[in-house]
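Okay, structure first, notes after.
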Amino acid sequence: MHFAHLVSLANNQLGFFTVYDGDFEKYTQDFAEKLGPAFDLLFKFTVNPPPTPTAKNAAAFTRWVEAHDLAPLGFYSAYPGLQVQDIRELLATGTAVQ
C-alpha cells in the first residue's frame, strides 16, 4: 500500500481511500489482520457492516470491501503495469524504467 486516508463526507458518511499495488485479496487481508480493531470500531457505526471481529472474518471483510469499492474517475500512474517491487528491481539493476 502506498497510502490510505479517511475523509468525512456529507450525510455522516466516511470515505476510506487507498492506493496500492499487488493482489487485492492480500491487501484486504493485511488490513483485516493489522487494523482489525480500528475497523471493528468503525463498523459499529456502519449500516450493514461485515461480521466482526474483522481479524477473524477476513474473507467476509474482503468481500464487503469489494462490494463497496468504487472505481476512480481517473488515475495517473508513472509506470503503468509495474508494481513498486518491479521498479525497485529495475533501478537496482541499472535498467531504464520505461
**Request:** Would you be able to tell me the number of residues in region 43-67 that are open to solvent by 100 Å² or more (accessible area, probe 1.4 Å), part of a helix (DSSP H, G or I) and closer than 19 Å to residue 17 by Cα?
**Result:** 2
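Here are some residues: 35, 14. Which one is over 9 Å from the mean Cα position of the chain (by Cα), hydrophobic (A, V, I, L, M, F, W, C) and in a helix (DSSP H, G or I)?
Checking each option against the conditions leaves just 35.
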**Request:** From (1) open to solvent by 60 Å² or more (accessible area, probe 1.4 Å); (2) over 17 Å from the mean Cα position of the chain (by Cα), pick out the condition that doesn't hold for residue 83.
**Result:** (2)
**Prompt:** Can residue 11 be described as open to solvent by 80 Å² or more (accessible area, probe 1.4 Å) and touching a Phe, Trp or Tyr at 6+ places or on another chain (Cβ under 9 Å)?
**Reply:** no
**Filter result for residue 81 (on the phi > 0 side of the Ramachandran plot and in contact (Cβ under 8 Å) with a residue 60 or more places away in the chain)** = no
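The values are calculated or read from the model by the stated rules, or taken from the named source; none is laboratory data. Nothing here was measured: the structure is a model prediction, and the numbers come from that model. Reconstructed Cβ throughout: ideal geometry from the backbone, glycine too, with neighbour counts over all protein chains shown. Surface areas here come from the heavy atoms of the whole protein model, side chains and all, with no ligands, DNA or RNA. Shrake-Rupley method; radii C 1.70, N 1.55, O 1.52, S 1.80 Å.
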